[in-house]
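Read-outs throughout are calculated quantities, based only on the coordinates presented, and are distinct from any laboratory measurement. All figures in this text were calculated on a predicted structure; none of them were measured in a lab. As a convention, Cβ positions derive from the backbone with ideal geometry for all residues, glycine included, and neighbour counts pool all protein chains shown.
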Amino acid sequence: MSGRLESEPIARRDFLGLAGLWTTAIAIGGALLGMVRLPKPSVLPEASRRFRLGRPDEFPPGTSKVIAGQNVLVVSKPQGIAALSLVCTHLGCIVSKNEAGFSCPCHGSAFDGDGRIVAGPAPRGLRWLQVSAAVDGRLIVNAGNEVDPGTYYRV
Amino acid sequence: MSKSGIAIFAENLRALPRHLRESFVRHDRPVSARSRSQAVFSNLFLHIHATRTHLQSLRLTATFGLGIAATSCFIILLVTGVLLMVYYAPSTSLAYDSMKDIHFVVPSGRLVRNVHRWSAHLMVVVVILHMCRVFYTASYKTPREFNWLVGMGLFIVTLALSFTGYLLPWDQLAFWAITIGANIAGSPRELTDVLGITAYFDPGGFSKQLLLGANEVGQDALTRFYLLHVMVLPLAFAALIGVHFWRIRKDGGLGRPGIAQTAAGKGADTDPNLPTLPADAPTKTYGLMCVVAGKTAATDLEIDETVPSWPHLLRAELVVFMACVFLSVVLGIVADAPLKELANPNIPENPAKAPWYFLGLQEMVSYSAFMGGLIIPAIVVVGLGLIPYLDREDDPPGVYFSGRNGRAVALKSLLFGVTAAVLAVAVPVNFGWLRNWFPDISQLWVILVNPGSLLTAAYAAWSIRTLQKTRSTRLAAIALFTCFVAGFLITTYVGMNLRGPNWDFYWSQSDWPAH
């Protein structure tokens, strides 16, 4: 009759105690696990990375112009218009333009005129950004969208 | 005739100062051995000390007071930090102005800020020296392995405190140092990009976002760094320092030569020189005072070689504390903490240099962010932490370099370490590196084979060679530790003095191009 009870390895009191302990531990652990997600932002408070450049005829072939405040270089060539990010791919400093291309003030990465990595610790070349035109024909750069190097927007 | 109520009151009033004192201090004037012991162990703040201190532990060369100096700096930083918090506003639009207010308007604000800055620098120096002292005197050995780990934790928290404090002024220096630091946290992307798995597995992006609360350094980053700097890290530091002190006591006090130790940190259980305990004596108290033998916390004190901690140890600690205050205040009067222009996300400082103790790291980072900023520091930290567990030889603690052989190995390792570090800097400066030689080389090679990782490998090889030659893990540990100290010194010096705009090499700042 009491076969099942006899095979029980622990006393009822111990079982209830342990069950209570583990329930508490799992509840607290689960709650903590939920809370440690808090520091990971689910929404990033950033301004839009898209900005207007202006009319295409402001950038005749041959111009290259740094857009103030955006850290973007706009290059216009016969084959079209391209935008290069001036943020160094190494550790995020702003590269400056020189005769040979670009150089980074922080750790000496050097890039050629097309943003290809020439020397230094940067893991890759400068980012090329998407250029497009709005309905009114004005150019738009989307600094959040990277395109393949050598992509020119034909007006 | 009984006294009147007024008379009783007057009598109590007269006795008020005495009763106040007696309720506060529960022992006689600390002139006898007994009352001096009581002065220490009946006081919450003093009872982390043993009641008696070994004369060898009091010698200047035993510790140079470095641990107490680090604690002193921490106390100075707490006090000045709280004062700075009165005016500092952790917001991107107010932070810089409030720093200027503190510096130029607030009464004595300038001095408080300078002292805060200088004692922070002093603390980093002292913590590094303290670590060297503990290592070279073999004071990490059984039973002190765990306290070595706690010390490593304190070292890391110290550096984290400096790093988080660096952003708060919100000037150019702060902004770009933190941009670089946050991108180092994000540098595992270098590897995941090469392997093409960033879209699925992006630990770099995750840790960077966790640190900054955004993708760029902005208000969220400032909020987080402020929280870490004034709350999380100081609390962690205080907790760790408590454990550190407690373990010093539990591990048998400062290591010193000629002390027989067991794994439990206890010395010989009974010392025949001590008088035995009268049967009716309150065992615990007299035992703690180390006046008689009996049940005591880890002690094996030879009674005639110890002095009461009050006043001898406390006086020594006070001297160290005052020296730290003096040094910080004098430096704070002589030299101002820097405050550059307001942070400008469009124009980086050129050169953008981290504080001096991170410049060795920055030199490594200038070869590869992922290797130099994360992997090599991780190897160094893990390697340092494992030293007491991999070197199990029972050299007596408290002997510098563990004797003549150790001194010779340390000297040779210093030479090797300096030479290797100089080469690691000089070769890329003069001849370029992989990318200059093979322009189309895979990025994986650039990450893995750089002067920093080669230097680390050379140090490991040197240590293994020492181990093979001497068959002593202690000597191999001395070789490795000395090499890393040499590497740290050389790369820090190069980063500080020989790097100019674009991180180019210049022998002197006067050679920097004018701009």
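Karplus-based coupling profile of segment A:49-61, in residue order and whole Hz: 8, 8, 8, 7, 8, x, 6, x, 6, 6, 10, x, x, with θ = phi - 60° in 6.51 cos²θ - 1.76 cosθ + 1.60 and x standing for Gly or Pro. Among A:127, A:52, A:12, the largest mean-square fluctuation in a Gaussian network model of chain A (Cα springs under 10 Å) belongs to A:12.
Might you report the magnitude of the Cβ-based charge dipole of segment A:1-148 about its Cα centre, with Lys and Arg at +1 and Asp and Glu at -1, to the nearest 20 debye?
Numbers: 16 positive and 12 negative charges, 48 e Å.
Dipole magnitude for segment A:1-148 comes out near 240 debye.
Projecting the alpha carbon convex hull of segment A:20-89 along each direction and taking the average yields 7.9 nm².
Per-residue shielding of A:98-108, expressed as the average number of other chain Cβ atoms within 10 Å of the residue Cβ, stands at 6.
Using only alpha carbon pairs under 8 Å that are at least six residues apart, calculate the relative contact order of chain B and give it in whole percent.
Across chain B, relative contact order equals 20 percent.
Picking from A:137, A:84, B:254, whose Cα lies most toward the positive end of the charge dipole for the protein assembly as shown (charges on Cβ: Lys, Arg +1; Asp, Glu -1)? Working it through, the farthest residue towards the positive pole turns out to be B:254. Average projection, convex hull of the Cα set of the protein assembly as shown: 50.4 square nanometres. Normalised by residue count, chain B yields a Cα convex hull volume of 218 Å³ per residue. Basic side chains Lys and Arg get +1 at the Cβ, acidic Asp and Glu get -1 at the Cβ, and with that the dipole of segment B:57-181 about its Cα centre reaches some 420 debye. For the options A:112, A:14, A:136, a Gaussian network treatment of chain A with springs between C-alpha atoms closer than 10 Å singles out A:14 as fluctuating the most. Between the alpha-carbon centres of segment A:123-142 and segment B:405-427 there is a gap of 52 Å. The packing ranking of peptides B:107-113, B:215-221, highest mean first, is B:215-221, B:107-113, where packing means the average number of other beta carbon atoms within 10 angstrom of each residue. Computed from Cα positions, the angle between helix A:12-35 and the longest principal axis of chain A comes to roughly 10 degrees. Multiplying each eigenvalue of the alpha-carbon gyration tensor of segment A:50-147 by 5 and taking the square root yields semi-axes of 24, 14, 11 Å, largest first, rounded to whole angstroms.
For chain A, averaging the sequence separation of C-alpha pairs within contact (under 8 Å, six or more residues apart) and dividing by the residue count gives a relative contact order of 19 percent. Peptide B:433-443 is shielded by partner chain Cβ atoms: per residue, an average of 2 of them sit within 10 Å of its Cβ. Where a ≥ b ≥ c are the square roots of the eigenvalues of the C-alpha gyration tensor, would you call segment B:1-129 rounded, which needs a/c under 1.5, or, failing that, prolate if a/b is larger than b/c, or oblate? Since a/c reaches 1.5 but b/c is at least a/b, the shape of segment B:1-129 is classed as oblate. The mean count of C-beta atoms from other chains within 10 Å of the C-beta of residues in B:498-507, rounded to a whole number, is 3.
Excluding residue B:193 itself, calculate the net charge of residues whose Cβ lies under 13 Å from the Cβ of residue B:193, where each Lys or Arg counts +1 and each Asp or Glu counts -1. Net local charge, residue B:193 excluded: 0.
Can you find, among B:449, B:135, B:65, the residue sitting farthest towards the positive end of the charge dipole of the protein assembly as shown, where Lys and Arg contribute +1 and Asp and Glu -1 at Cβ? So the residue we want is B:65.
Remark: the protein assembly as shown carries a charge dipole of roughly 1080 debye about the Cα centre, counting +1 on each Lys and Arg Cβ and -1 on each Asp and Glu Cβ.
Hydrophobic long helices, here whole DSSP H runs in chain B with Kyte-Doolittle means of at least 1.0 and Cα atoms spread over 18 Å or more along the helix axis, are found at B:66-85, B:145-167, B:172-185, B:309-334, B:376-390, B:404-431, B:473-493. When the Gaussian network model of chain A links Cα atoms closer than 10 Å, the mean-square fluctuations of A:47, A:134, A:110 top out at A:47.
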